[in-house]
Amino acid sequence: MSTTPKEEKLGIMPQLFAGHFDHDLIFPYPKMNSDEAETVAMLLDSFGELAKRKIDSVKMDLAHETPPELIKDLFELGLMGLSIPEEYGGAGLSMTAYCKVMEAVGRHDASLAVTVGGHQSIGMKAILLFGNEEQKNKYLPQCADGRRIAAYALTEAEAGSDAGSIKTRAVYNPEKKTFTLNGSKLWITNGAIAGVFTVFAKEEMAGKDVITALIVDGESPGLTRGKPELKMGIRASNTTELNFENVEVPEANVLGERGKGFKVALEVLDYGRLSLGAGCAGGIKELMGLAIAHAKQRKQFGAPISDLEMIRGKIAEMAVDSWVCDSMVYLSTSLVDRAVTDFSIESAICKAYCSESLWRDCNHAMQIVGGIGYMAEYPYERLMRDSRINMIFEGTNEIQRLYITLAGLKRPGDALKAMQKRGGVGALVEYGAHTMKMRLVANHLEGAHPSLAWHVDRLEEATKAFSIAVDKLLVAHGKKVMRMGFLQERVAETAMLLYGMVATLSRLDTLLKQRGPEACAYEADLTKAFFASAWRAIRKQLALLERNGDQRALRIAEGTIEREGFKVLE
Ligand SMILES: Cc1cc2nc3c(=O)[nH]c(=O)nc-3n(C[C@H](O)[C@H](O)[C@H](O)COP(=O)(O)OP(=O)(O)OC[C@H]3O[C@@H](n4cnc5c(N)ncnc54)[C@H](O)[C@@H]3O)c2cc1C
């Protein structure tokens, strides 16, 4: 895995916002190399064995704890150091291989996936990405072999989505070359069991408040941890408050540059969201397996309920969701493995789309199995409780939508600004002509399998309509877009669907070229079903950008907030 790539290399989505397809990134659909696939297969076998012997999700859920011996076993299997390079004692897996393993862990037990992910997807990721040699040598081997569990501490009571407003303070002491850390962090995964923390704190530099990322030793005097929170789901994962009272942190523990900690925080989460997406994709597969097994053996009206169209419709939707999530996640992880430097939009899409698909499919599974789904004796209610958090943590899905839109609009917005700056006669006309030319000349997806002509047409047309809409929005609203939530939602929704189209088309194309159309009939149906619904949804979203009931909705919200609830004339 290339963890510190130098040259800027854009992902698929920043280009798609401008109407461009990056053929090299889209085709062929990526595949793990055979050595790594073998390593992953071995890891999955060992995890499967361990799971059979030692993972009792029901017991862990009731106990609100993961047994420490189980975490020890995970370390012994090498599952806690998957992405740590071999020279520091880890397995040195690519992002794709890492996510394949995280998918299996998530499929088996969501709490465990959160514990493992809290440690390596986000906890020690900043050391991996931004640590210097000394920091890596000191901490990574310990994070790989179990001497230290890691945690990522950003959120505070008054700083959730608005993470830039944290109040935890680091004051630099020049004589001692240390920082004195004071403040509190909230809801930190692995908070009570971690031996090392990546902590984000404010410090004053040149009269300005900036954020610095620090490695904080779990043994530090002055660091105390709250009681484990009682939660709706992922109960066996540990979530606690952290308090820092005059904690001394050596200057040598600064991650990256002083004052550049916010970049560290965000970049770590770009990786975290990919493995979260993979865990959700795994969760959907697990639910499908359970629900289908039940539907086949449950008889009503003299026949298995799996024969019923209303049940089959739900199974088909789950299968399509699974196909889309899987295709999106592994196209995105391959961007990391191919040294793409900006995969943040793709990772936000995977997080939001996969977590919402999982939630929808929990509901489908619950409905397929009927009353037993509601009984704690069966796994469905736990799976539902466990899956809800994915739409909240690592940045809520609203924040992902906001990000997808603002990050996606950045390049077209910069181009517009540059032309406006040049000013003179007709800067906007020039911009319009420029974007129109770009669309006419560049907006073609070449080289797909001939049987995919209909799909290519839909994708090209939807992309063109999207990039035209993006330009119009920028010209009409400029910076005001930053405050227009409905608009952000619609742009993000469209972007997510377009990425799903790109990912499934790419995957089907590669299968068709390798196996031929007959062998891929099932995958072709999955793709066509998604394209048909995405195409309808995109047209609806783009139409709503032009004509909508936003002002009325805002009036209703305002009236309801003023009334503090539902109060109407009798
Ligand atoms: C079980 C669990 C584990 C966690 N683990 C960690 C961890 O390990 N490390 C860590 O640092 N944090 C962790 N968190 C914190 C988590 O990341 C935050 O809860 C999350 O970022 C949301 O912040 P908030 O809960 O304060 O919600 P708020 O920010 O208060 O948001 C409330 C609502 O307002 C919406 N909203 C806010 N701003 C906007 C906006 N600009 N546009 C549109 N909508 C908006 C949100 O989407 C949400 O719907 C964890 C949380 C939980 C519950």
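The values are calculated or read from the model by the stated rules, or taken from the named source; none is laboratory data. Everything quoted here is computed from the prediction, not taken from an experiment. Cβ sites come from the backbone with ideal geometry, for glycine too, and all protein chains shown count toward neighbours. When the accessible area is computed, the model is the full protein with side chains, heavy atoms only, and any ligands, DNA or RNA have been set aside. Shrake-Rupley method; radii C 1.70, N 1.55, O 1.52, S 1.80 Å.
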Which of the three applies to the stretch 130-191, rounded, prolate or oblate, going by the alpha-carbon gyration tensor with a ≥ b ≥ c and a/c under 1.5 meaning rounded?
oblate
Take the Cβ-Cβ distance between S46 and D414 as r, set R0 to 56 Å, and report the resulting FRET efficiency rounded to the nearest 0.05.
0.70
Run the numbers on the stretch 471-570 and let me know its relative contact order in percent, using alpha-carbon pairs under 8 Å that are six or more apart.
31
What is the sum of charges, Lys and Arg at +1 and Asp and Glu at -1, for the other residues whose Cβ falls under 14 Å from the Cβ of M384?
0
At 37 °C and 0.692 mPa s, grab the translational diffusion coefficient of the stretch 370-485 from Stokes-Einstein with a Kirkwood Rh over Cα pairs, rounded to a whole number in µm² per second.
181
On the accessible surface of the chain, probed at 1.4 Å with all protein chains in place, carbon and sulfur together account for a percent value of 55
Check every DSSP H run in the chain and write down those whose alpha carbon atoms cover 30 angstrom or more along the long axis and whose mean Kyte-Doolittle hydropathy is -1.0 or greater.
261-297, 309-337, 344-369, 397-422, 453-477, 485-515, 521-546
Put I127, I193, I311 in order of accessible area, largest first, probe 1.4 Å, and you get I193, I311, I127
Cross-link reach from K185 to aspartates and glutamates, straight Cα distance under 17 Å and at least 8 residues apart if same chain, gives E156, E158, D162, E203, D217, E219, E229, E241, E245, E248, E394
Between H477 and I392, what length in nm is gained on full extension when 0.36 nm per residue of separation is reduced by their alpha carbon distance?
27.7 nm
Quick one: which of 151-158, 353-360 comes out on top by average Cβ neighbours within 10 Å, and what's the full order, highest first?
353-360, 151-158
Please list R547, R539, R382, R235 from largest to smallest accessible area, probe radius 1.4 Å, with all protein chains kept in place.
R547, R539, R235, R382
Helix-derived mean residue ellipticity, 222 nm - over the chain, DSSP H n ≥ 4, -39500 (n - 2.57), to 500
-19000 deg cm²/dmol
Cα centroid of the stretch 402-430 to Cα centroid of the stretch 457-493, whole Å:
13
Contour excess over end-to-end distance, with Cα ends at A521 and I561 and 0.36 nm allotted per residue:
9.2 nm
Of K177/K263; K136/K263; K314/K513; K417/K479; K52/K100, which sit over 21 Å apart, Cα to Cα?
K177/K263; K314/K513
Dipole size in debye (nearest 20) for the chain around its Cα centre, Lys and Arg Cβ +1, Asp and Glu Cβ -1?
1400
Just to be sure I understand the model, the point goes 7 Å from the Cα along the line to the Cβ. What's the resulting E219 to A37 distance in nm?
4.6
Difference of contour (0.36 nm per residue) and Cα-Cα distance, E204 to K59:
47.5 nm
Cα-based Rg/(2.2 N^0.38 Å) for the chain, rounded to two decimals, is 1.00
Sparse-neighbourhood loop sites, trypsin sites (Lys or Arg not before Pro) in the stretch 77-173 - DSSP loop, at most 13 other Cβ within 10 angstrom
R147
Determine the distance separating the Cα centre of the stretch 272-328 from the Cα centre of the stretch 91-167; give it in Å without decimals.
30
Just how much of F27 is accessible, in Å², when a 1.4 Å probe is used and the result is rounded to the nearest 10?
30
Mind checking the per residue accessible area of the chain for me, 1.4 Å probe, whole number of Å²?
46
Which whole-number percent is the relative contact order of the chain (Cα, under 8 Å, 6+ apart)?
17
Post the alpha-carbon centroid distance, the stretch 345-377 to the stretch 19-62, in whole angstrom.
20
After finding the eigenvalues of the alpha carbon gyration tensor for the stretch 127-241, what semi-axes result from the square roots of 5 times each, listed largest first in whole Å?
23, 20, 12
Once you place label points 7 Å from the Cα toward the Cβ at R539 and D342, how far apart are they in nm?
3.2
